[in-house]
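Undergrad: Here you go, one structure.
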Amino acid sequence: MLTGAKARKIKPGDKPVSDGTVQGLYLFPGKSVGKAKWVFRFVSPETGKRRDMGLGSYPAVLPKEAREKGLRARRLLENDKDPLDERQRLLDSERLKMALPTFAEAARKVHEDLKAGFRNEKHSNQWINTLEQYVFPSIGSIQVSNLSPADFAGALKPIWLEKPETASRVKQRCDAVMN
C-alpha cells in the first residue's frame, strides 16, 4: 500500500508507483521531489483501448482520497461503464444546469427585452411586479427546464378565483417567459 511517506519521497525520473490496493492506480512522479500525479489506468469496456484517468496531483490529493476515487472508477468498470465517459457526462450535466436560468432570471431577462415596447413605465413595472408577487415565491428559484404546467397551476391557484383577470395576465406572462 502506498503511504504518504513513500509518496513524499518520489522524485523526477522514478518509475510510476502502483498503489498496491486498487488495481490500476498509479502515482506518476512530477517535476520536483514530493510532487506527483495520480492516474487510474484501465481498459475501456466500450472501446477495448487502454485509457488513463487523472485523479489529481499529490500532495493535494492524498493516497486515501486517490484510493477512493480509484475504487469508484473500478466499480464503474465492473458495471461495464467507462469512468472517463461517466465523468464527462457528469460535467456536461453540471454545465447544463449552470447554463439554464431559473424562472425568475428568465422572467427578468424577458422583461428587459419587452421594456421598450410598453407605453409607459407603470405598465412595464406592473408586468414584472405581478410575477414577483404571485409566481416567484413558489417557482422563481426553479430552473426553467424543471418546471411543469402543474408548477404554474400551483402558483396561480391562490389568485385564480379571487382575481381572475390578474391570474389570466400572470399566466400569459409566464407563457411569454417559458417561450
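Undergrad: Considering only segment 52-80, state which residues are in contact (Cβ under 8 Å) with a residue 12 or more places away in the chain, surrounded by fewer than 16 Cβ atoms within 10 Å (Cβ to Cβ) and not acidic (Asp, Glu).
TA: Gly54, Gly56, Ser57, Pro59, Leu62, Leu71
Undergrad: Which ones in segment 98-124 are in a helix (DSSP H, G or I) and surrounded by fewer than 14 Cβ atoms within 10 Å (Cβ to Cβ)?
TA: Passing the criteria: Met98, Ala99, Lys109, Glu112, Asp113, Ala116, Gly117, Glu121, Lys122, His123.
Undergrad: Just to be sure I understand, how many residues within segment 133-144 are touching a residue at least 24 places away in the same chain (Cβ under 8 Å), in a helix (DSSP H, G or I) and open to solvent by 70 Å² or more (accessible area, probe 1.4 Å)?
TA: Of the residues in that region, 0 qualify.
Undergrad: Also, I was wondering about something else. Among the residues of segment 152-166, write down those that are of a type outside the set (Phe, Trp, Tyr) and open to solvent by less than 50 Å² (accessible area, probe 1.4 Å).
TA: Gly154, Ala155, Leu156, Ile159, Thr166
Here's the yes/no breakdown for (1) assigned to a strand (DSSP E or B); (2) at pLDDT 90 or above; (3) under 18 Å from Gln88 (Cβ atoms):
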| site | (1), (2), (3) |
| --- | --- |
| Lys6 | no, no, no |
| Ile10 | no, no, no |
| Lys15 | no, yes, no |
| Gly20 | no, no, no |
| Gly34 | no, no, no |
| Gly54 | yes, yes, yes |
| Lys64 | no, yes, no |
| Glu68 | no, yes, no |
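Undergrad: Failed condition for Asp85, given (1) in a loop (DSSP other than H, G, I, E, B); (2) open to solvent by less than 100 Å² (accessible area, probe 1.4 Å), with all others met?
TA: Unmet for Asp85, out of (1) in a loop (DSSP other than H, G, I, E, B); (2) open to solvent by less than 100 Å² (accessible area, probe 1.4 Å): (1).
Undergrad: Looking only at segment 70-119, filter to residues that are among the polar types (S, T, N, Q) and modelled with pLDDT of 90 or more; which one of those is nearest to Thr166 (Cα to Cα)?
TA: Looking at residues that are among the polar types (S, T, N, Q) and modelled with pLDDT of 90 or more, I get Thr102.
Undergrad: Would you mind finding the one in Arg95, Arg41 that is of a type in the set (Lys, Arg) and surrounded by 12 or more Cβ atoms within 10 Å (Cβ to Cβ)?
TA: Arg41
The values are calculated or read from the model by the stated rules, or taken from the named source; none is laboratory data. Only a predicted model underlies this, so the values are computations on that prediction, with no experimental measurement involved. Counting neighbours? That spans all protein chains shown, and the Cβs are built from the backbone with ideal geometry, glycine included. Areas reflect the complete protein model, heavy atoms only, side chains present, ligands, DNA and RNA absent. Shrake-Rupley method; radii C 1.70, N 1.55, O 1.52, S 1.80 Å.
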